[in-house]
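Reading through the structure tokens given below for one structure.
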Amino acid sequence: MRLFAVGDIHGCATAFDTLLSAIALHPSDRMITLGDYINKGPETKTVLDLLLRLSSWGVLIPLLGNHELKMLIAGRFGRAVVHGEVFVDTHTLASYAGLPPGGEVNPVDLTVIPDSHWHFLQHDCLRWFATNKHIFSHGMLSSQMPLLRQPDRVIFWNKLEHPQPHSSGKVLVCGHTPQRSGYPLNLGHTIGLDTAACEGQWLTCLDITSGNIWQANQQGQLRQSHLQDYGAMPPTFPHAARPMAPGETGLPAGPAPAWPMTPGYIETAANPYVATV
């Protein structure tokens, strides 16, 4: 069994599909996606379709990101823009309407988003996930606070600013804080996998057990490296990541919201927080 973690996808389905082809998931594998599937990139609908397919195969452990929270709250209001804040951007709406990126869309019409996608975000995505050695979360953790008491503000909205080891002794694997160099962040006790795919950089997939890393971009390019290649600072060149050779592929954030979060909103999801992996 392999356990993978994937950083913020943000509508970059081409990069995500390229990663899936490269790692060639087996039925016994599990993939943890760290949230932020929607907004910014051009292919949100395809991203959610891919996630639903992985979920149906029983290999996916999806987490919520702050952009999924925005989308669910937009659904409650019935519009993509609420009180002047964009919760579901035009790239996302265009992908559901079958329009090219930048196509003119109706920001009030969320009916283009299928019920299966709403259900997936509301009921299948988790706040966090933990194994014997790792904690997986979209954003930060309060280092001295037990997992069950972590506030939404920290888990979904706080960026990595001088993170401290969690009191459990487990390694935090998270997204949300974009590494605009395109390289993962490895602090030993904290691993950051948001590598700015939606900004022209790379989408990152980490094999938790082996430390092997695959990265893909929206041009369908692949490169490989290892977690040990990275540290707190961007690596020096020449960098260890290399393009994938032919035949190596397998088979196929914004500020915290200004409104109060609805009590019990996230707790409607089924949350098997801890698993032995």
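For the reader, a short list of remarks on this structure follows.
- Per-residue Karplus couplings for the stretch 207-217, computed as 6.51 cos²θ - 1.76 cosθ + 1.60 with θ equal to phi - 60°, are listed in order as 7, 4, 6, 8, x, 5, 10, 10, 10, 9, 10 Hz, Gly and Pro entered as x.
- Distance in nm between pseudo-label sites at residue 123 and residue 181 (7 Å out along the Cβ direction from Cα): 4.3
- Residues with amide H under 5 Å from that of residue 222, placed H, sequence gap 5 or more: 244
- Net charge of neighbours whose Cβ lies under 11 Å from the Cβ of residue 39, counting Lys and Arg as +1 and Asp and Glu as -1: -2
- In units of the compact-protein estimate 2.2 N^0.38 Å, the stretch 1-91 shows a Cα radius of gyration of 1.15.
- Per principal axis, descending, Cα span of the stretch 44-89 in whole Å: 39, 17, 14
- Over 25 Å (Cα to Cα) - which of 45/70; 70/159; 40/133; 45/170 fall in this group: 40/133; 45/170
- Residue-wise HN-Hα couplings along the stretch 221-227, as the Karplus relation 6.51 cos²θ - 1.76 cosθ + 1.60 with θ = phi - 60° gives them from phi, are 7, 10, 8, 10, 7, 9, 4 Hz; Gly and Pro carry x.
- A cut-off of 5 Å between modelled amide H atoms, ignoring neighbours fewer than 5 places along the same chain, links residue 11 with 38, 41.
- Inverse mean reciprocal Cα-Cα distance (Kirkwood Rh) of the stretch 148-191, Å: 11.6
- Whole-Hz Karplus values for the stretch 2-13 come out as 10, 10, 10, 10, 10, x, 4, 8, 6, x, 9, 5 Hz, taken residue by residue from phi with 6.51 cos²θ - 1.76 cosθ + 1.60 and θ = phi - 60°; glycine and proline positions read x.
- Accessible solvent surface per residue of the stretch 103-190, calculated while the other protein chains remain in place, 1.4 angstrom probe, Å²: 45
- D_trans [Stokes-Einstein, Kirkwood Rh over alpha-carbon pairs] for the stretch 133-229, 20 °C, 1.002 mPa s, µm² s⁻¹: 155
- Residues with amide H under 5 Å from that of residue 173, placed H, sequence gap 5 or more: 135, 136, 137, 191
- Contour excess over end-to-end distance, with Cα ends at residue 56 and residue 99 and 0.36 nm allotted per residue: 12.8 nm
- Of all accessible heavy-atom area on the stretch 50-180, the percent that carbon and sulfur account for (1.4 Å): 52
- Test item: Cα-centred dipole of the stretch 25-101, Lys/Arg +1 and Asp/Glu -1 on Cβ, debye: 140
- The residues of the stretch 11-90 expose, per residue, 33 Å² of accessible area to a 1.4 Å probe.
The values are calculated or read from the model by the stated rules, or taken from the named source; none is laboratory data. This is a predicted model, so every value here is computed, not measured. All Cβ positions, glycine included, derive from the backbone under ideal geometry; neighbour counts span all protein chains shown. Heavy atoms of the whole protein, side chains included, go into the accessibility calculation; ligands, DNA and RNA do not. Shrake-Rupley method; radii C 1.70, N 1.55, O 1.52, S 1.80 Å.
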